[in-house]
Amino acid sequence: MPDRMYDIHLRARLCKYLATQGGTIKREVSIGNTRADIVRMTNQIEGYEIKGDTDPVHSKRFTMQIEEYSKICDRCWLVISENGTKADAAMKVIPNWWGLITICDQIVIRRMAQRNKLISPRELAGEIWKVDLVRLLRSNEITFKGGLPTKRAITKIVAEHLHINTIRQEVIRQWTDHKSNMRPQDLGKRNIQ
């Protein structure tokens, strides 16, 4: 093992482990206003935030990531190296329902992630492309008056009329089917190669 465990080392080890757990694994998935390092999808969505030895767990950025993951993911995990006292500090920062995985010579689940009770149906529906939101409404025989509303309006209708499990399965279908995890609104923000 290297002296320091960087994101790249932790990510490789975690992906190898998750591949044995089943489901579909995606890297760098847009969720809310951030990007999840890794998402594993079965019939639920699990988000994994990786912090290498040089990445702080006490930061505004990480606080924002926790908030964004918590709106979308059924279970959330923080993944860090076993080096030093970072695990103790992390336990004080992450919500008590988040899981904690440490990686060094082996992968250790320090705390199991619990089911997230804070998921926002509206935020979850916001992860779906507009064309898929319209298809989802039509397939559930939900109509809207007038012309085609804005994505924000359609998202609100979906969140108010469809069960969260239906919304979740559509997000999983979309993230699994699309080659890119980039949403249309992200395309102008990042240099895609």
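Please enumerate the residues belonging to the range 163-177 that are without any contact (Cβ under 8 Å) to a residue 60 or more places away in the chain and either surrounded by 14 or more Cβ atoms within 10 Å (Cβ to Cβ) or among the charged types (D, E, K, R) (or both). Please lay out each step first, then the result.
As a first pass, look at the range 163-177 and keep what is without any contact (Cβ under 8 Å) to a residue 60 or more places away in the chain: 163-167, 170, 173-174, 177.
I164, T166, I167, E170, R173, Q174, D177 - these are the residues of the range 163-177 that are without any contact (Cβ under 8 Å) to a residue 60 or more places away in the chain and either surrounded by 14 or more Cβ atoms within 10 Å (Cβ to Cβ) or among the charged types (D, E, K, R) (or both).
Any idea which of L162, L124, L118 is under 19 Å from I72 (Cβ atoms) and either basic (K, R) or over 17 Å from the mean Cα position of the chain (by Cα) (or both)?
After ruling out the rest, the residue left standing is L162.
Could you please find all residues in the range 24-61 being touching a strand residue (DSSP E or B) at 6+ places or on another chain (Cβ under 8 Å), farther than 22 Å from P121 by Cα and in a loop (DSSP other than H, G, I, E, B)?
Once the filter is applied, which keeps residues that are touching a strand residue (DSSP E or B) at 6+ places or on another chain (Cβ under 8 Å), farther than 22 Å from P121 by Cα and in a loop (DSSP other than H, G, I, E, B), the range 24-61 yields G52, D53, V57.
Checking the conditions here, which among I45, I80 is within 20 Å of I31 (Cβ to Cβ), touching a residue at least 60 places away in the same chain (Cβ under 8 Å) and in contact with a Lys or Arg (Cβ under 6 Å, 6 or more places away or on another chain)?
Numbers: I45 fails: in contact with a Lys or Arg (Cβ under 6 Å, 6 or more places away or on another chain).
Step by step, each of I45, I80 is checked, and only I80 is within 20 Å of I31 (Cβ to Cβ), touching a residue at least 60 places away in the same chain (Cβ under 8 Å) and in contact with a Lys or Arg (Cβ under 6 Å, 6 or more places away or on another chain).
Please tell me if W98 is within 18 Å of I38 (Cα to Cα), in contact with a helix residue (DSSP H, G or I) (Cβ under 9 Å, 6 or more places away or on another chain), modelled with pLDDT of 90 or more and not β-branched (V, I, T). Even if it seems obvious, please write down each step before you answer.
On the way: within 18 Å of I38 (Cα to Cα): yes; in contact with a helix residue (DSSP H, G or I) (Cβ under 9 Å, 6 or more places away or on another chain): yes; modelled with pLDDT of 90 or more: yes; not β-branched (V, I, T): yes.
Judged against the criteria, W98 is a match.
Determine whether T102 is without any contact (Cβ under 8 Å) to a residue 24 or more places away in the chain and not assigned by TED's automatic domain parsing to the domain that holds N165.
yes
Give R35, R27, R11 a once-over and let me know the one that is more than 19 Å from K117 (Cα to Cα) and surrounded by fewer than 17 Cβ atoms within 10 Å (Cβ to Cβ).
Only one candidate qualifies: R27.
Quick check on the range 4-42: of everything there that is hydroxyl-bearing (S, T, Y) and in contact with a helix residue (DSSP H, G or I) (Cβ under 6 Å, 6 or more places away or on another chain), which residue is farthest from D55 (Cα to Cα)?
T24
Exactly one of (1) under 18 Å from L10 (Cα atoms); (2) of a type in the set (G, A, S); (3) exposed (fewer than 15 other Cβ atoms within 10 Å of the Cβ) is unmet by G99. Its number?
(3)
Return the residues of the range 113-155 that are of a type in the set (D, E, K, R) and either in a loop (DSSP other than H, G, I, E, B) or exposed (fewer than 12 other Cβ atoms within 10 Å of the Cβ) (or both); say none if nothing qualifies.
R115, K117, E127, R138, E141, K145, R152
Which condition number in (1) in contact with a Lys or Arg (Cβ under 9 Å, 6 or more places away or on another chain); (2) of a type outside the set (D, E, K, R); (3) under 30 Å from E160 (Cα atoms) is the one that N33 fails?
Result: N33 passes all but (1).
Could you say which residue among Y48, Y6 is among the aromatic types (F, W, Y) and modelled with pLDDT of 95 or more?
Y48
Restricting the search to the range 105-161, which residues are among the charged types (D, E, K, R) and over 25 Å from S70 (Cα atoms)?
D105, R135, R138, E141, K145
The values are calculated or read from the model by the stated rules, or taken from the named source; none is laboratory data. The structure displayed is predicted, hence computed values, not measured ones. FYI the Cβ positions are ideal-geometry reconstructions off the backbone, even for glycines, and counts take in every protein chain you see.
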